[in-house]
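The values are calculated or read from the model by the stated rules, or taken from the named source; none is laboratory data. Here the structure is a predicted model, which means the values were calculated and not measured. Cβ atoms come from the backbone with ideal geometry, glycine included; neighbour counts cover every protein chain shown.
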Amino acid sequence: MSDEVLRGHVDLLLLAALGSGPAHGYAIVEAVRVRSGGAFSLSEGSVYPALYRLERDGLVVSAWDAGRGERRRRVYRLTSKGRDELERRRTAWRGYVRAMEAALA
Amino acid sequence: MIDAYVDELARELAAAGVRGRPARRLLAETRAHLAEAAAGAGEAAAVASFGEARTLARLVASDLANARTQRATWAGIASLALAGAVCAALFVTLPRSGVDVFAGAVPGLALAASAASVFLPQVSFVAGTLALVRALRHRRATAPAPELAVVQRRMLVALAAGGLTLLSLAALAATQRAGLPGWWTTAAVAGLVLLLPLAAAAVGIVHARRPAAFPAGRPATALDDVAAVAALLPACRRFPLPASPAGLAAAVAVCAGAGVALAGVAASDPIDGALRGVLEAAAVLGCYRVLGRVLALR
């Protein structure tokens, strides 16, 4: 899928990836890639500004893990507000997909 | 290769005005991410998948500039509201009979302070409102650089005018203390403490200007702000909007002048009211002429 199309849905994809549990940036990118069957390949660096934005909005929180040097990673997890937002966006997206499928049938 | 990429990203972040903790955090996360990706795919593939350093740095700078501008705008509006409430209370309780604007130790100071205490709050109110409207229009999405610059300039003008209003009231109290009650002059001078939150908000705005937002371009004008507000108010949709910024300024000048003149008539002084109305309309047009570009009114 093109970057243009994907860009508008990055926040939802990140929230959904974190819906399975806390993860660091690389694991989030991998989760999106695996869950989409390889169809969604995010520009990996752009995930971080999106995560910072979600954190500023109070949808995720993050903390450094116990590793050292290059092994030290920042782990992100959903807040309760983030979980609510994920459900809200999921519902809206499913409604949109149903409507599109009906319109295109 | 990872070291070279992280160094390049550090340079690009610095060039885009992203320094300190946000830069250190991104660089640390980038290094950890690339190390993990390289373990499976090799360093070259990991760096290629991560994306161009300049693009990433600009993305981070834009996000940071937007977040800081939004935060500083709300802090500025809060400090202006506080200062505005104090200025309004001082203005309403000012005993007009105790003021002789042609008297005082420094010739002309009382007259200048008096005029400033009338016009500057209006400049502050209009600039602050326009900044808030523009900030609200961009609160859900990342605004481009010229739009952020408009919000920042409007807030700086609003804060400066608010601070000068406090100073003008204190100057009025100092020059007219012989004819004014002691509690009023004390309150006017004590109000200067509100310069601190105004200054803190101004520092926040200046801080928000450091990360360089992208892309560049031309900002929208005040007509777009008015159209955005009118779209939210059904009653406004029945009235045609002015076709040009100058037309909008003229309409505002006529309305403001008429309002002041009518207030004068209501106070049983039609001649004085008419004179004040003309002065008000002239002041609005003068502000449009002087501050029009700074406030992105035209």
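When you go through B:Ala39, B:Ala57, B:Ala44, B:Ala32 one by one, which is the residue that is within 16 Å of B:Ala213 (Cβ to Cβ), part of a helix (DSSP H, G or I) and of a type in the set (Gly, Ala, Ser)?
Working: B:Ala39 fails: within 16 Å of B:Ala213 (Cβ to Cβ); B:Ala44 fails: within 16 Å of B:Ala213 (Cβ to Cβ); B:Ala32 fails: within 16 Å of B:Ala213 (Cβ to Cβ).
Going through B:Ala39, B:Ala57, B:Ala44, B:Ala32 in turn, just one is within 16 Å of B:Ala213 (Cβ to Cβ), part of a helix (DSSP H, G or I) and of a type in the set (Gly, Ala, Ser): B:Ala57.
Do we have B:Arg54 as more than 28 Å from B:Gly163 (Cβ to Cβ), at pLDDT 90 or above and crowded, with 18+ Cβ neighbours inside 10 Å here?
Numbers: more than 28 Å from B:Gly163 (Cβ to Cβ): yes; at pLDDT 90 or above: yes; crowded, with 18+ Cβ neighbours inside 10 Å: no.
For B:Arg54, the condition - more than 28 Å from B:Gly163 (Cβ to Cβ), at pLDDT 90 or above and crowded, with 18+ Cβ neighbours inside 10 Å - is not met.
Within region B:36-57, how many residues are over 19 Å from A:His24 (Cβ atoms) and facing another protein chain (nearest Cβ under 10 Å)?
Counting residues in region B:36-57 that are over 19 Å from A:His24 (Cβ atoms) and facing another protein chain (nearest Cβ under 10 Å) gives 5.
Across region B:203-255, what is the number of residues that are in a loop (DSSP other than H, G, I, E, B) and loosely packed, with under 13 Cβ neighbours inside 10 Å?
Within region B:203-255, the subset in a loop (DSSP other than H, G, I, E, B) is B:209-221, B:233, B:239-244.
When the remaining residues are screened for being loosely packed, with under 13 Cβ neighbours inside 10 Å, the result is B:215-218, B:233, B:239-240, B:243-244.
Residues flagged as in a loop (DSSP other than H, G, I, E, B) and loosely packed, with under 13 Cβ neighbours inside 10 Å within region B:203-255 amount to 9.
Which of (1) charged (D, E, K, R); (2) assigned to a helix (DSSP H, G or I); (3) more than 10 Å from chain B (Cβ to nearest Cβ) is the odd one out, the single condition A:Glu30 does not satisfy?
Just one mismatch for A:Glu30, condition (3).
Any chance you could count how many residues in region B:275-298 are closer than 19 Å to B:Val151 by Cα and crowded, with 20+ Cβ neighbours inside 10 Å?
Residues that pass the stated criteria total 5.
Look at A:Glu101 and say whether it is more than 14 Å from every other protein chain (Cβ to nearest Cβ), modelled with pLDDT under 95 and in a helix (DSSP H, G or I). Reasoning before the result, please.
On the way: more than 14 Å from every other protein chain (Cβ to nearest Cβ): yes; modelled with pLDDT under 95: yes; in a helix (DSSP H, G or I): yes.
Yes, satisfied.
Quick one: which residue in B:Pro121, B:Pro95 is surrounded by fewer than 20 Cβ atoms within 10 Å (Cβ to Cβ) and either in contact with a helix residue (DSSP H, G or I) (Cβ under 9 Å, 6 or more places away or on another chain) or of a type in the set (A, V, I, L, M) (or both)?
When all the criteria are applied, what remains is B:Pro95.
Taking the options B:Val229, B:Val189, name whichever one is out of contact with any Cys (no Cβ under 6 Å at 6 or more places or on another chain), modelled with pLDDT under 90 and on the phi < 0 side of the Ramachandran plot. Write out each step before concluding.
Details: B:Val189 fails: modelled with pLDDT under 90.
Only one candidate qualifies: B:Val229.
Considering only residues of region B:24-35 that are free of Cβ contacts under 8 Å to residues at least 12 places away in the same chain and more than 13 Å from A:Tyr52 (Cα to Cα), which is nearest to the other protein chains (Cβ to nearest Cβ)? Steps first, please.
Our first condition is that a residue be free of Cβ contacts under 8 Å to residues at least 12 places away in the same chain; within region B:24-35, this holds for B:24-25, B:28-29, B:32.
After this cut, where a residue has to be more than 13 Å from A:Tyr52 (Cα to Cα) as well, the list is B:24, B:28, B:32.
Working: B:Arg24: 12, B:Ala28: 7, B:Ala32: 5 Å.
Only one residue fits best here, namely B:Ala32.
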